[in-house]
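Take a look at the structure below.
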Amino acid sequence: QLQACGGGLVQTGDSLRLSCVVSGRSFGSYIIGWHRQAPGKEREFIGSIRWSSGSIGYAESMKGRFTISRDRSKNTLFLQMDSLRPEDTAVYYCAARRIIVTVYEYWGQGTEVTVSS
């Protein structure tokens, strides 16, 4: 189970940190990723972490303003978002997939972020 939270209404230039609590199974052989879906647009991959090793990767377009981290003791993944822009307005999701597959299999319910200009 994955539960994202921390969204809200912020202003352009603000920062926000989202959290995703992972539970219900051992995620040692999983990759946990952050995605977002803006109104009227397709879902977009932000970045992910290999839970066992902590190795992190980002989509090229997301590098610079988005930072993924985790607190393994709390089974929590974070997405730090800085210098937010109106175009970052979206529902943000965390999702999990086994390392051996390419499609995300388990999705949290998402948390909404609105950036006002």
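Where a number appears in this text, it was derived from the coordinates with a stated rule and is not lab data. Bear in mind that the values here come from a model prediction, so they are computed numbers and not experimental data. All Cβ positions, glycine included, derive from the backbone under ideal geometry; neighbour counts span all protein chains shown.
Relative contact order for the chain using alpha-carbon pairs under 8 Å, separation at least 6, rounded to a whole percent?
Across the chain, relative contact order equals 36 percent.
Calculate, in nm to one decimal, what GLU60 and ARG72 gain on full extension: separation in residues at 0.36 nm each, minus their alpha carbon distance. Before the final figure, lay out the partial values.
Numbers: separation 12, 0.36 × 12 = 4.32 nm, distance 2.54 nm.
Gain on stretching GLU60 to ARG72: 1.8 nm.
Kindly give the semi-axes, whole Å and largest first, of the ellipsoid equivalent to the range 60-117, taking each as the square root of 5 times a Cα gyration tensor eigenvalue.
Working: eigenvalues 105, 40, 32 Å².
Equivalent ellipsoid semi-axes, largest first: 23, 14, 13 Å.
What is the Å³ per residue value for the convex hull set by the Cα atoms of the range 31-89?
On the way: hull volume 5.1 nm³, N = 59.
Cα-based convex hull of the range 31-89, divided per residue, equals 86 Å³.
For TRP107 and ARG17, what does the FRET efficiency come to when R0 = 25 Å and r is the distance between their Cβ atoms, rounded to the nearest 0.05?
On the way: r = 20 Å, r/R0 = 0.81.
Given R0 = 25 Å and the Cβ-Cβ separation, E is 0.80.
Go through the cysteines of the chain and tell me which have no other cysteine Cβ under 4.7 Å away.
Singleton cysteines: CYS5.
Treating only the Cα positions of the chain as identical point scatterers, give the base-10 log of I(q)/I(0) from the Debye formula at each q in 0.09, 0.11, 0.21, 0.24 Å⁻¹.
-0.21, -0.32, -1.16, -1.49
Place a +1 charge on the Cβ of each Lys and Arg in the chain and a -1 charge on the Cβ of each Asp and Glu, then give the dipole magnitude about the Cα centre in debye, rounded to the nearest 20. The partial results should precede the final answer.
Numbers: 14 positive and 10 negative charges, 91 e Å.
The calculated dipole for the chain is roughly 440 debye.
For the range 71-117, give the magnitude of the charge dipole about the Cα centre (Cβ charges: +1 Lys/Arg, -1 Asp/Glu; no others), in debye to the nearest 20. Write out the running numbers ahead of the final one.
Numbers: 5 positive and 6 negative charges, 59 e Å.
The dipole of the range 71-117 has a size of about 280 debye.
What ³J(HN,Hα) values, in whole Hz, does the Karplus curve 6.51 cos²θ - 1.76 cosθ + 1.60 give for the range 34-44 when θ = phi - 60°, with x put for Gly and Pro?
Coupling constants for the range 34-44: 9, 9, 8, 9, 7, x, x, 10, 6, 5, 10 Hz.
According to a simple spin-label model (label point 7 Å from Cα along Cα-to-Cβ), what is the distance in nm between ILE100 and SER83?
4.2 nm
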